[in-house]
Each structure stands twice: as C-alpha cells, then as structure tokens.
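Worksheet: the structure to be examined is printed underneath.
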Amino acid sequence: MSLIDTVGRQSAVSVDRSVCRGVLAHADDIVLLAPTASAMRQMLRLCEEFAEKFSVMFNPSKSKCIVCESSSKKKLGTFSREAAFTLGGSVIEVVDKWAQLGHTICSDIDDTADINRSHSKLVTQINSVLCTFSSLDAIVKVKLLKSYCLSLYGCELWNLSHTDIEKICKSWRFGLRRAWSLPSGCRSAILQLLSDSIPLYDLMCQRSVMFIKRCLCSESVVVQYVANYGILHGHMKSFTGRNLVTCSEHFNILVYNVVNASFNGKSVKSLFVRQILPGFYSRTFSILELLLIRRGLLYAPDFILGDINALLAIVCRD
C-alpha cells in the first residue's frame with residue numbers, strides 16, 4: 001500500500017476538538033499554546049494550582065512568552081507589547097524570538113534568525129575542519145565536511161522558499177571548493193560530482209519531505225491529524241503544504257510522487273544525476289587528473305604548477 005493510500009485512510013481519523021492539546025512537553029521543557037491572552041492566563045493558573053498541589057516550582061525568570069500575530073493584526077495594534085502574563089506572582093517576559101530545543105522561534109513566524117544561526121554554525125564548522133585537517137587529502141577533507149558539518153538542525157522546519165537559504169548553500173559550495181583547492185568560479189555540478197554528493201538545497205528538500213512523511217504516518221493521532229489537515233484539507237497553504245509544493249516544483253515531479261513511500265534519498269540523488277549534462281562527467285575526470293598531478297600522485301613531468309592551475313581555472317568555469 002502506498003503512502004498516499006495510507007494518508008487517505010488516516011485523513012478519516014477524528015480528533016476530539018473539545019480536548020485542549022496546547023501543552024507540549026520534552027524532558028523538563030514545557031510549552032503552552034493558547035489562541036488568546038485570556039486562554040493563556042487560564043493555563044498559567046492551572047500551572048500555579050498544579051505547582052501548589054504537588055510542591056513543584058516553576059521559574060518565571062527562565063520562562064518567556066512569544067505572541068505570534070498575523071501581519072493584519074500587527075497593523076491594527078500593539079497586542080504583543082501590551083500582553084502581560086504572570087506565573088507565581090512574577091511577570092513573564094514577552095520576547096520577539098526565543099530558542100526552543102535549539103530552534104529559534106520568532107513572533108512573526110519568520111525563519112531568518114534560525115537560518116542565520118545555522119549559517120554561522122556551518123561556517124564555523126567548515127573552517128574548523130579545513131584548518132585542523134589542512135594537510136590531509138581533499139577526498140578525506142570532503143568526507144569530514146559531510147560527516148561533521150551537515151547536521152543543519154531544524155532545517156526541516158524552514159520555509160524552503162526563504163531567500164536566506166541560499167547563503168547556507170553558497171557557504172557550503174565555498175567550503176567544498178576550499179577542500180579541493182579549486183578556483184572560486186568552479187561550477188556547482190563539478191563540485192557535487194567530485195564530492196559524490198547532491199546540492200545542499202536538494203538535501204534540505206529531501207529532509208523536509210521525509211519529515212512530512214513521518215508526520216503523516218506518525219503513531220500520534222494528533223500529529224497525523226495536523227499533518228493531514230495541512231496537506232489534504234488546507235489547500236497546501238500550511239507550512240507542510242507549501243514546502244511540499246516547493247519540493248515538487250524543485251524536483252519537477254508531482255506532489256503525489258513526492259510523498260509516495262518509494263521517494264527517498266536515493267530518489268533525490270537519481271533526480272540530480274539525471275539533470276547533469278554528459279559533458280560535466282568528462283570535465284570532472286579531467287579535473288581529478290589535474291588535482292592528482294598537482295598533489296604529485298600522478299606522474300606528469302611536462303606539467304608545472306602554474307600550468308595546472310591555469311588549466312583548472314579553464315576547465316572548472318567553461
């Protein structure tokens with residue numbers, strides 16, 4: 001049975017909407033979700049009653065409040081500035097953004113802050129690997145880069161149409177060029193073939209799709225319901241729906257095939273390989289030979305370093 005068939009059956013799963021599911025817990029981290037300020041104050045009162053009854057202490061100074069408003073509501077007033085919440089008699093600070101489980105959440109539901117966080121981390125990791133292992137062969141350095149620098153924690157939650165994602169992709173390509181010691185204008189397809197990898201954006205799309213598929217098949221009825229609603233009943237206007245459409249357009253395949261059970265990492269790599277022009281393969285082999293000559297691993301007495309670098313510049317860019 002395909003994932004689409006499974007999703008179709010799961011879409012019939014009903015969730016009792018009279019039951020509040022606004023409390024998310026992970027270890028000692030608790031998140032309260034409420035549609036209105038009055039509902040949030042009621043939930044905080046329940047927390048106070050629980051704390052008093054079971055001798056539990058909540059720390060208001062470590063608690064933060066984020067008020068997420070639509071653009072239309074922000075134009076009408078300053079609700080986020082006026083909202084006041086207390087816990088145990090202490091005021092909870094209202095902030096515009098806060099890191100929850102390593103992911104930066106913003107009041108405007110924008111991913112810029114979290115993408116910048118991930119970008120800074122990636123650049124630091126790339127520099128660390130390349131500086132620490134500068135004497136190693138390029139193939140080894142690329143393997144280290146792929147092993148230690150591609151966690152991209154939280155990228156499954158990003159809006160894949162966000163323009164700042166290109167900064168991360170650009171820094172990753174720059175890191176690969178440094179590992180191979182290739183000129184700055186080296187074509188991306190050549191870098192991917194040399195490194196036996198797919199473009200970073202393709203990897204992000206793959207992770208986003210796999211995350212959505214896990215949500216659709218989750219053991220949690222609530223997660224199933226939310227995922228199904230966002231995709232099947234929300235006209236692809238939800239976060240999950242928009243990302244699925246973006247992935248479908250990027251890979252040039254139907255949304256049905258994107259969420260199909262057979263779509264995986266091998267599918268993404270196959271799609272990328274089919275898009276590469278045949279000429280790039282011969283150029284990549286030529287570049288690899290020149291790199292081996294430059295490293296002294298391939299004997300070619302008629303070549304000098306200046307000639308090799310000049311040839312690399314030509315073959316990489318044309």
What tally of residues in the stretch 100-117 results from selecting those that are outside any strand (DSSP E or B), touching an Asp or Glu at 6+ places or on another chain (Cβ under 8 Å) and β-branched (Val, Ile, Thr)? 2
Please verify whether residue 231 is under 30 Å from residue 143 (Cβ atoms) and in contact with a helix residue (DSSP H, G or I) (Cβ under 6 Å, 6 or more places away or on another chain), treating the condition exactly as stated. no
For the stretch 282-304, indicate whether the set of residues that are at pLDDT below 85, among the aromatic types (Phe, Trp, Tyr) and surrounded by 12 or more Cβ atoms within 10 Å (Cβ to Cβ) is non-empty. yes
The condition from (1) touching an Asp or Glu at 6+ places or on another chain (Cβ under 9 Å); (2) farther than 26 Å from residue 264 by Cα that residue 133 misses is numbered (1)
Note on the stretch 137-165: residues touching a residue at least 12 places away in the same chain (Cβ under 8 Å), over 21 Å from residue 289 (Cβ atoms) and not aliphatic (A, V, I, L, M) are 146, 148, 149, 153, 154, 155, 156, 158, 159, 161, 162, 164
For a quick check of your reading of the model, give me the residue pairs whose first member lies in the stretch 207-219 and is closer than 11 Å to residue 157 by Cβ, whose second is among the acidic types (Asp, Glu) and not in a helix (DSSP H, G or I), with beta-carbon atoms closer than 6 Å and at least 6 apart or on different chains. none
Scanning the stretch 267-302 for residues that are of a type in the set (A, V, I, L, M) and not in a helix (DSSP H, G or I), which turns out farthest from residue 137 (Cα to Cα)? 277
Would you please name the residue that is nearest to the chain's Cα centre (by Cα), looking only at residues in the stretch 189-233 that are hydroxyl-bearing (Ser, Thr, Tyr) and closer than 16 Å to residue 150 by Cβ? 208
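Helices (runs of 4 or more DSSP H) wholly in the stretch 141-226 with at least 1 residues that are of a type in the set (D, E, K, R) and more than 25 Å from residue 262 (Cα to Cα) - which ones? Break it down stepwise before answering.
Details: elements: 165-180, 188-195, 200-216.
Passing ranges, in order: 165-180.
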Scanning the stretch 248-266 for residues that are of a type in the set (A, V, I, L, M), buried (at least 17 other Cβ atoms within 10 Å of the Cβ) and not in a helix (DSSP H, G or I) gives 259
Conditions first: (1) within 15 Å of the chain's Cα centre (by Cα); (2) at pLDDT 90 or above. Residue 245 passes all but one, so which condition is the exception? (1)
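The values are calculated or read from the model by the stated rules, or taken from the named source; none is laboratory data. Just so it is clear, the model here is predicted, and its values are computed rather than measured. As a convention, Cβ positions derive from the backbone with ideal geometry for all residues, glycine included, and neighbour counts pool all protein chains shown.
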